[in-house]
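Here is the structure we will look at, set down as structure tokens.
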Amino acid sequence: MKRTGRWLGASALALMIGIGGVSTAYVITGQAANAQVQNAAQIVVPQSIQPHAGFADLVEAVKPAVVSILVEAQESASNVQSGGRQFDFNFPDLPPGHPFRDFFDQFGQQGQGNGDGAPPKPRQYMAAGSGFVISADGYVVTNNHVVKDATKVTVVFDDGTEKVATIVGTDERTDLAVLKIEGTDLPFVQFETEQSRVGDWVVAVGNPFGLGGTVTVGVISASGRDIGGSNYGDFLQIDAAVNSGNSGGPDFNTKGEVVGVNTAIYSPNGGNVGIAFAIPASTVKTIVNQLISSGSVTRGYLGVSIQDVTRDIADGVGLKNAKGAIVREPAADGPAGAAGVKSGDIITAVDGQSISDALDLSRTIAGKAPDSTVELTIWRDGAETKLSVKLQTLNEAAAATAQPEEPTPPAVVPSKSSVGVTLVPNADGSGGLLIQDVDPESPAAKKGLAVGDAILEVNNTPVSSLDEFEAALNAVKAKGLNTALIKASRDGQARFIGLPLSQ
């Protein structure tokens, strides 16, 4: 089924303007522009609030701490070199003649070069998002993508008071940022004290389309969502209406505590369709504390490439439950390899905490402090073992994976195997067998093996000839197993496949 929806940052509202002038048109910040922020202690929501009674008291209590974020920014050099910042104003339903339509059409057509063949120049733009104050001395939480490339950030309170903010720190991986404004005894809110559950009420307060002070209500639709393949994704899905400009805004429970920070919407047309995603409070607290204390975020680094354990993979290694993360390869000079972790090991727990899949392992390790030691529970050769690993600090260079050239099939006579693949030895010196043909009715084809793939190992035994391959399959059968664990490589990326040995 073709998917027509798009992942959009919830602050996709960005007003492109030419260099030499800025405009706050269409971003309503309230009439009392010069009013002072009312002094307030920590916001306390009345205990009498009940969902059936409405949310007016809750909103009245928390609104002073929810702010609009106005950003003046200039494109980064990388954006300019790649053709400019790709703006999507997401106003597809404006009728002809609407006063906003020509305005946004005009700016949507900019940025395609200067017409003389010269590369485009960096441009200024304005964006609007949301945020909230978390301390009486003026720390503010928002999204990283709201303030990215910012040259000036202005925080606007619900009463119209404006304060210029400094960026304390940002974290691109979780899309969080912390700002600082001057002030004392400012109104602020706190994070949830008990973890919310699916079905709990959420009240979103924010700045959609630059309108400011907008309240929508819904429930937590799901938790633990992985959107866009992030290694650190663990999002709440909510059905409260979230639109462009809501990015960085808080979602409250009925106690007035922040349960999540809005970060993205899924939409076929740029508007709300009842599916929005928020960073859970547990993640926000951890990241925000690090940003405030040091201005940056550090994460533990294990040094392995991993994948989920499927039912076939579990069957191939005699593992009862299809849970955990199987190690494709330990990184060269990484902490896991140095501690004895091997390709084909299945990590089932970290410090006694069960690991459900590869994403769970990534999140768990990322939450550990660099230089700390963790105990890995590993399934290897049909038995459980434990290894201690001293983590390193994650950085982009360490996390990057080398991409070797795709091997070229040698000019030798191919041999057909007993599992429906025709194999030839790998002539590039890296070992393994290259697939030159796949029987479309074979289990190998059904499991996704294709021409050009390299078979490296069978049940952790390297194979470089058809005889070794068949001997390894027979060894699997001799153990009473009906599935072989195949380590295959495609485009330089290794992965594991559970290959049934009988239909």
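The values are calculated or read from the model by the stated rules, or taken from the named source; none is laboratory data. This one's a predicted model, so the numbers in the text were calculated from it and none came from an experiment. A quick note on method: Cβ atoms are made from the backbone with ideal geometry, for glycine too, and the neighbour counts reach across all protein chains shown.
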Just to be sure, is residue 315 closer than 30 Å to residue 380 by Cα, out of contact with any Asp or Glu (no Cβ under 9 Å at 6 or more places or on another chain), charged (D, E, K, R) and at pLDDT below 90? yes
Residue 310 vs (1) outside the structural domain of residue 171 (by TED's automatic domain parsing); (2) farther than 29 Å from residue 368 by Cα: all pass except (2)
Criterion: within 25 Å of the chain's Cα centre (by Cα), surrounded by 19 or more Cβ atoms within 10 Å (Cβ to Cβ), in the same structural domain as residue 135 (by TED's automatic domain parsing) and at pLDDT below 90 - qualifying residue of 77, 73: 73
So which pairs qualify, if the first residue must be in region 124-148 and over 17 Å from residue 209 (Cβ atoms), the second must be in a strand (DSSP E or B) and of a type in the set (S, T, N, Q), the Cβ gap must be under 6 Å, and the two must be at least 6 apart or on different chains? 124/74; 144/170
Residues 428, 437: which one is at pLDDT below 90, surrounded by fewer than 15 Cβ atoms within 10 Å (Cβ to Cβ), of a type outside the set (Val, Ile, Thr) and more than 14 Å from residue 313 (Cα to Cα)? 437
Could you give me the residue pairs with C-beta distances under 6 Å whose first residue belongs to region 281-307 and is hydroxyl-bearing (Ser, Thr, Tyr), whose second residue is buried (at least 16 other Cβ atoms within 10 Å of the Cβ) and part of a helix (DSSP H, G or I) wherever it lies, and which are 6+ apart or on separate chains? none
Among the residues of region 320-375, how many are within 23 Å of residue 461 (Cα to Cα), assigned to a strand (DSSP E or B) and more than 20 Å from the chain's Cα centre (by Cα)? 8
